[in-house]
Amino acid sequence: MSLDFAADAERIRQRAMQTLLDDFADLFKGVVIVDRQARIVWMNENYPKRLGLADPAAVIGLPIEEVIPNSLMREVVHSGRPYSTPCTTTAR
C-alpha cells in the first residue's frame, strides 16, 4: 500500500466518521461521548446549551459526573451494555 493511498484512506475515514457523527447527533437533543474512564471526549452542539454550559470546550476531559451528576454513563462503560432509557439527565 502506498503512503499516498494510506493518507487518502485515513482522510476519507475521518471525514466519514465526522459526517456519521454529525448525522447521529442531529437526531437527539444531546449527545455525549466518553472514553473508557468515563471522561467526556465530545458533545454535540445542542447538549452544552441544554446543560447551560458557557464554555463547552471546558468540559472535555472531565469525568461525566462532574458535568452531569446523575449520569449512568460510567455504568454503561463498565458493563458494555446500553440502557434502554436515557443515560443522562439535565437536572443539575
Residues of the range 36-76 satisfying the condition of being surrounded by fewer than 14 Cβ atoms within 10 Å (Cβ to Cβ), in a helix (DSSP H, G or I) and without any contact (Cβ under 8 Å) to a residue 24 or more places away in the chain: K49, A57, A58, E66, E75
Which pairs turn up if I take residues in the range 7-35 that are in contact (Cβ under 8 Å) with a residue 40 or more places away in the chain and in a loop (DSSP other than H, G, I, E, B) and look for partners that are of a type in the set (S, T, Y) and surrounded by 11 or more Cβ atoms within 10 Å (Cβ to Cβ) with beta carbon separation below 7 Å, at least 6 apart in sequence or on another chain? G30/Y47
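FYI, it's all coordinate maths here, none of it is from the lab. Predicted, not measured: the structure shown is a model, and the values here were computed from it. Neighbour counts are summed over all protein chains in view; Cβ atoms, including those assigned to glycine, are modelled from backbone coordinates with ideal geometry.
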